[in-house]
1. What number goes with the only condition from (1) among the hydrophobic types (A, V, I, L, M, F, W, C); (2) in a loop (DSSP other than H, G, I, E, B); (3) more than 10 Å from chain B (Cβ to nearest Cβ); (4) farther than 20 Å from residue B:34 by Cα that residue A:83 does not pass?
2. Which condition number does residue B:64 fail, the rest of (1) touching a Cys at 6+ places or on another chain (Cβ under 8 Å); (2) of a type outside the set (S, T, N, Q); (3) outside the structural domain of residue B:96 (by TED's automatic domain parsing) being met?
3. Among all residue pairs at least 6 apart or on different chains, which show Cβ distances below 9 Å where the first residue, located in the range A:26-49, is without any contact (Cβ under 8 Å) to a residue 40 or more places away in the chain and not assigned by TED's automatic domain parsing to the domain that holds residue A:66 and the second is among the small types (Gly, Ala, Ser) and outside any helix (DSSP H, G or I)?
4. Give B:101, B:105 a once-over and let me know the one that is farther than 18 Å from residue A:27 by Cβ, of a type outside the set (A, V, I, L, M, F, W, C) and crowded, with 16+ Cβ neighbours inside 10 Å.
5. Of all residues in the range B:50-65, count the ones that are buried (at least 18 other Cβ atoms within 10 Å of the Cβ) and of a type outside the set (Ser, Thr, Tyr).
6. Only one of (1) in a strand (DSSP E or B); (2) of a type in the set (Phe, Trp, Tyr); (3) not assigned by TED's automatic domain parsing to the domain that holds residue A:148 fails for residue A:105. Which number is that?
7. Identify all residues within the range B:114-136 that are farther than 19 Å from residue B:91 by Cβ and outside any helix (DSSP H, G or I); write none if there are none.
8. Please determine whether any residue of the range B:180-190 is more than 29 Å from residue B:80 (Cβ to Cβ), of a type in the set (Gly, Ala, Ser) and not in a loop (DSSP other than H, G, I, E, B).
2 protein chains.
Amino acid sequence: MNFSSRLLENAVNEFSKLPGIGQKTALRLVLHLLSQPSEDVGRFSESIVRLKKEIRFCKICGNISDAEVCEICTSPKRDKTLICIVEDTRDVMAIENTNQYFGVYHVLGGLISPMDGVGPSELNIEPLVERARTSPVQEVILALSATMEGDTTIFYIYKKLKDFPCKISTIARGIAFGGEIEYADEITLARSIATRVPYGV
Amino acid sequence: MNFSSRLLENAVNEFSKLPGIGQKTALRLVLHLLSQPSEDVGRFSESIVRLKKEIRFCKICGNISDAEVCEICTSPKRDKTLICIVEDTRDVMAIENTNQYFGVYHVLGGLISPMDGVGPSELNIEPLVERARTSPVQEVILALSATMEGDTTIFYIYKKLKDFPCKISTIARGIAFGGEIEYADEITLARSIATRVPYGV
């Protein structure tokens, strides 16, 4: 692209480093910001700098938090004996949005992926074992993605936790609600038949 | 969305004010920034603040510029008697990318649009008339969008400039290169027949 200004080029380059943002989109976003009042642009950049500077990770569950311990871990309404293990903050938000889960979380910060050079020691797994050892945990739910990395991580954590006196479960896999059988992939369909559940309300 | 952190929520809200960025995309971008080193995040926000603070508009053509007069207007290689009138910086960049135009520009900063409350006085039109009066302009090319706003603006500028001794032209409209006749809309097709050009290389 032919920029008429180094400042513009610089800002566009910074924006196009973001995932899924190409040069054209970056230019559109930057020109939009340029057309906004200075206070708005200041608020925008301030929000990012403050986030990066002040954000903390909950020392119990590892989730993003404003304080030393996150809101979920401090809430008296939450069942501390039920721990849901997830990959990252987005998964916490997705589960919170269901309004159906009242336990606490443990955020791994990734999945075991030898291809990307991520081993168990890079993840928040040791503190999880410590947590299972020191606090009265009754059940651990492994809510990880149904990918090879997810399955590897599930297996690793299972081996680490299997000698503790707590139940270990994974979320159910099968045909999604609204999903049509004819379009389901073979693995999902075969698994959902094999793990069929008794019917009756 | 259920945010576990006010800082995160704030940053996501700021990002989702950008055009075409919803809450989910905003969250993805913010979490990506959060995973980057502090210097990179600093450079990102700095680039926006500096752009907003230091950017100027060329006092001749109105284009975005680092200096008082932009690179195109100062270039001795450019034909100053040929002015291409465009809506905004993006159009300048699009035309520059063709590498086929060697005149200068005049950036209006928008199009006349009574629906959006944009009249001629909000645009960079008066300086254009002044420019045509005081400098030796031979031709003015109106390269505005083929929309109602574009046509209105073209007509307004034509009326303002028609008594000056310079040629006034608009860019050619017709079937795009690679465009198939059967998929062209009726107006474009009818116009491209009416304004047919003699063939012969």
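The values are calculated or read from the model by the stated rules, or taken from the named source; none is laboratory data. Source: prediction; values computed, not measured. Cβ sites come from the backbone with ideal geometry, for glycine too, and all protein chains shown count toward neighbours.
1. Here residue A:83 clears every test but (2).
2. It is condition (3) that residue B:64 fails.
3. Every condition considered, the pairs that remain are A:26/A:16; A:27/A:16; A:28/B:20; A:29/B:20.
4. Result: B:101 is the single residue among B:101, B:105 that is farther than 18 Å from residue A:27 by Cβ, of a type outside the set (A, V, I, L, M, F, W, C) and crowded, with 16+ Cβ neighbours inside 10 Å.
5. So the count comes out to 8.
6. Among (1) in a strand (DSSP E or B); (2) of a type in the set (Phe, Trp, Tyr); (3) not assigned by TED's automatic domain parsing to the domain that holds residue A:148, the lone unmet condition for residue A:105 is (3).
7. Result: B:117, B:119, B:135, B:136.
8. So far as the range B:180-190 goes, yes, one or more of its residues are more than 29 Å from residue B:80 (Cβ to Cβ), of a type in the set (Gly, Ala, Ser) and not in a loop (DSSP other than H, G, I, E, B).
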